[in-house]
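J.: Pasting in a structure now, in structure tokens, and then I'll have a few things to ask.
The values are calculated or read from the model by the stated rules, or taken from the named source; none is laboratory data. Bear in mind the structure is a predicted one, so any value in this text is a computation, not a measurement. The area values use the complete protein model at the heavy-atom level, side chains included, leaving out ligands, DNA and RNA. Shrake-Rupley method; radii C 1.70, N 1.55, O 1.52, S 1.80 Å.
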Amino acid sequence: MITRHLLTIDNLDAPTLRALIADARACKADPTLAHGQLSGRTVLLHFTKASTRTRVSVETAVARLGGHPIFTRGDELQLGRGEPIADTANVVSRMCDAVFIRTFAHADVEELARHATIPVVNALTDDHHPLQALADLMTIEEHLGELEGKTIAWVGDGNNVFHSLAQAAALVGMHVRIATPEGYEADPEIVRAAAVVASEHGGSLTELRNPAEAVAGADVVVTDVFVSMGEEAQEAAKLAAFRDYQVDAARMTQAAPTAIFMHCLPAHRGEEVTADVIDGPQSVVWDEAENRLHTTVAVLRYLLD
Ligand code: CP
Ligand code: NVA
């Protein structure tokens, strides 16, 4: 039997992505749909980076499905003392039913998946955050209806969250525009591949320098922290480079009048976004955060059916 993993959005095809969002919406409307499905099963969450939304949503999703989550920090598994990833994968595959891992190197998650015989889910690496992208598309659909043809403007860092959002938006035929300062563009390989997928589905992916150009008439304005976890040493340089990339009220007026503002959180008010935008009427960040739970329920139902 082939084990399904969710390491990047590329592990999904368009019908599966749409089905996951539909199931997440159904489970949100009727949480009893999920009850009992993971009864007697355990899910390991191994996180070497901090987390609020991902940890709480995955643990809650597992509990809602009747399963038992086991949470371990980086230094709590022998992995943190040098036990090989392959040996860890072998052992947990004989006890648990799925592993969610949050760590730095994406290659480590790929290696875990190569050796695991249970589903491995990427709970964020330096390069990808697929669970976030699922919640983001669900939130856009809830607020704006059909995804195909809508325009997302990303202002800021070409980072992990952007990579997954671009891949997901491409699969459903959205138009994605990203404005970054020089030197902070998204991964060119991921951009190239996502642009091809987008054009196959009637969408597009455009890289820009000027945030005003990216935001012009957009349906969704998105940003993320300028300094991601693991980049603390670059903080001063990044804050200087991103000075003109803050999403403020003036920037939001350049988007469509019906535009929504999104941010995966945690946010730094006064850096990538002003308080009046993130706490204002166009912001949907709390729905976006809540939808992390519903999309994770859907992911577990899909991977462990
Ligand atoms: N958006 C997100 O993944 O948040 P956490 O880092 O709190 O899990
Ligand atoms: N880009 C951020 C996202 C946090 C959820 C980081 O990697 O720290």
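J.: Over the Cα atoms of the range 1-131, Rg to Rh with Kirkwood Rh, two decimal places?
T.: Reported Rg/Rh (Cα atoms, Kirkwood Rh): 0.95.
J.: What percent does the relative contact order of the chain come to when contacts are Cα pairs within less than 8 Å and at least six residues apart?
T.: Rounded, it is 20 percent for the chain.
J.: Next up: With a 1.4 Å probe and all protein chains left in place, how much of the accessible area of the chain comes from carbon and sulfur atoms, in whole percent?
T.: Carbon with sulfur: 51 percent of the solvent-accessible area.
J.: Something else about it: Kindly identify the range 153-262 as rounded, prolate or oblate by the Cα gyration tensor criterion: order the square roots of the eigenvalues as a ≥ b ≥ c, call it rounded if a/c is under 1.5, otherwise compare a/b with b/c, prolate if a/b is larger, else oblate.
T.: The shape class here is oblate.
J.: Please label the shape of the range 158-200 as rounded, prolate or oblate, based on the square roots a ≥ b ≥ c of the eigenvalues of the alpha-carbon gyration tensor (a/c under 1.5 means rounded; beyond that, a/b larger than b/c means prolate, else oblate).
T.: Note, shape of the range 158-200 comes out prolate.
J.: Another question about this same structure. What percentage of all Cα-Cα pairs in the chain are separated by more than 29 Å?
T.: In whole percent, the share of Cα-Cα pairs in the chain beyond 29 Å is 33.
J.: Hey, can you find the accessible area per residue of the chain for me, probe 1.4 Å, expressed in square angstrom?
T.: For the chain, the per-residue accessible area is 41 Å².
J.: Quick check on the range 73-216: take the gyration tensor over C-alpha atoms, sort the square-rooted eigenvalues as a ≥ b ≥ c, and tell me if it's rounded (a/c under 1.5), prolate or oblate.
T.: The shape class here is prolate.
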